[in-house]
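Have a look at the structure below before the remarks.
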Amino acid sequence: QVQLVESGGGLVQAGGSLRLSCAASGSIFRMAWFRQAPGKQRELVASITSDGGIMYAGSVKGRFTISRDNAKNTVYLQMSSLKSEDTAVYYCAARNLNSEYNDWGQGTQVTVSS
């Protein structure tokens, strides 16, 4: 189990960019970003493994980039060409191989104004 601390959310105009960061208290296999918009279910945005395996939701592919610094136990989400529908609370999550996402950050608000 790890503790996760997110940073980097905020208000940005449509078409703009933001970078989110999430620092873990220890090493872990897979780190991910989820988001939850008002009235909607939480959805997986992107994930990355310690050996560089990456997955993206179709809605963000080509606009968002997930990366990871294993030495710092930190994952990043570079968000570009932001749209109003990207507005949500973004959560960092982590899990080990063959487990569920049991470790979650506190969430950071991203608001995209049109």
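The values are calculated or read from the model by the stated rules, or taken from the named source; none is laboratory data. Note that this is a predicted model, so its numbers are computed, not measured. Here the Cβ is made from the backbone with ideal geometry for all residues, glycine too, and neighbour counts use every protein chain on show. Just so you know, the surface numbers come from the protein's heavy atoms only, side chains and all, with ligands and any DNA or RNA stripped out. Shrake-Rupley method; radii C 1.70, N 1.55, O 1.52, S 1.80 Å.
Between beta-carbons, use under 14 Å as the cut-off and find the net charge around residue 28, counting Lys and Arg +1, Asp and Glu -1. Please list the in-between numbers first.
Numbers: positive: 30, 68, 72, 95; negative: 51, 69, 100, 103.
Every neighbour counted, the sum reads 0.
Taking the alpha-carbon distance from residue 83 and a cut-off under 18 Å, which aspartates and glutamates remain once sequence neighbours fewer than 8 residues away in the same chain are dropped?
43
Which ³J(HN,Hα) values, rounded to whole Hz and listed in residue order, are derived for region 65-82 from phi using the Karplus coefficients 6.51, -1.76 and 1.60 in 6.51 cos²θ - 1.76 cosθ + 1.60 with θ = phi - 60°, glycine and proline given as x?
Each residue of region 65-82 in turn: 10, 9, 8, 8, 10, 5, 5, 9, 6, 10, 10, 10, 10, 8, 10, 10, 6, 5 Hz.
Can you give the charge dipole size of region 3-73 about its Cα centre, rounded to the nearest 20 debye, using +1 on the beta carbon of Lys and Arg and -1 on the beta carbon of Asp and Glu? Before the final figure, lay out the partial values.
Working: 9 positive and 4 negative charges, 34 e Å.
The dipole of region 3-73 has a size of about 160 debye.
Sorted from largest down, what three extents in whole angstroms do the Cα atoms of region 29-93 have along their principal axes?
35, 21, 18
Using a 1.4 Å probe, what is the accessible area per residue for the chain, in Å²?
Value for the chain: 52 Å² per residue.
Amide H of residue 107: which non-local residues (sequence gap of 5 or more, or other chain) have their own amide H closer than 5 Å, using H built in the peptide plane?
Placed amide hydrogens put 6, 92 under 5 Å from residue 107.
Would you list the P(r) distribution for the chain, with all Cα-Cα distances sorted into 10 Å bins from 0 and each bin expressed as a whole %?
Final binned percentages: 15, 51, 29, 5, 0.
Which percent of the accessible area of the chain is formed by carbon and sulfur heavy atoms (probe 1.4 angstrom)? Can you show the working numbers first?
Values: 2730 of 5890 Å².
Roughly 46 percent of what the probe reaches on the chain is carbon or sulfur.
How large is ³J(HN,Hα) for each residue in region 37-50, as worked out from phi by the Karplus curve 6.51 cos²θ - 1.76 cosθ + 1.60 (θ = phi - 60°), to whole Hz, x for Gly and Pro?
8, x, x, 10, 6, 5, 10, 6, 9, 6, 9, 8, 8, 5
Taking +1 at the Cβ of each Lys and Arg and -1 at the Cβ of each Asp and Glu, which of 110, 92, 26 sits farthest along the dipole of the chain towards its positive end, judged by Cα position relative to the Cα centre?
Toward the positive end, the furthest listed residue is 110.
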